[in-house]
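The values are calculated or read from the model by the stated rules, or taken from the named source; none is laboratory data. Note that the coordinates shown come from a computational prediction; the quantities given were computed from them, not determined experimentally. Every residue, glycine among them, receives a Cβ derived from its backbone with ideal geometry; neighbour counts consider all protein chains shown. Just so you know, the surface numbers come from the protein's heavy atoms only, side chains and all, with ligands and any DNA or RNA stripped out. Shrake-Rupley method; radii C 1.70, N 1.55, O 1.52, S 1.80 Å.
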Amino acid sequence: MDDGPALGDLLTMGMTLALYLVSGFGLGWVLDLSLGTFPGFALAGFALGVAAACTYFYKQCKRYLRASSPSSTAMPWTRPTGACEEGS
């Protein structure tokens, strides 16, 4: 029975999220060093890294939820026809 992402998937996700944050800040920091505008581009790069990490996390969660659902068309709040008919 598949209960969700494996340990390797979770470690990959964590490393990818950290890489997005560090690379965004790092690229902004390098740009700030060359232009002498610290911390403007570093903060902007960090904000872009956060946005990229959130987008990645959302897509991964959506992928795992879709893979774990029994049917892509069945909604959990629907009930089968005739399950609780009145007067029976």
* Mind grabbing the accessible area of residue 9 for me, 1.4 Å probe, Å², rounded to tens? => 60 Å²
* Asked: In terms of solvent-accessible area of protein heavy atoms at a 1.4 angstrom probe, what is the ranking of 34, 68, highest value first?
  -> 34, 68
* If you take the beta carbon distance between residue 7 and residue 69 as r and set R0 to 30 Å, what does 1/(1 + (r/R0)^6) give as a FRET efficiency, to the nearest 0.05? -> 0.90
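Sorted by accessible area with a 1.4 angstrom probe, largest first, how do 61, 54 fall? Kindly include the intermediate steps, with their values, before the conclusion.
Working: 61 45, 54 80 Å².
Most to least solvent-accessible, the answer reads 54, 61.
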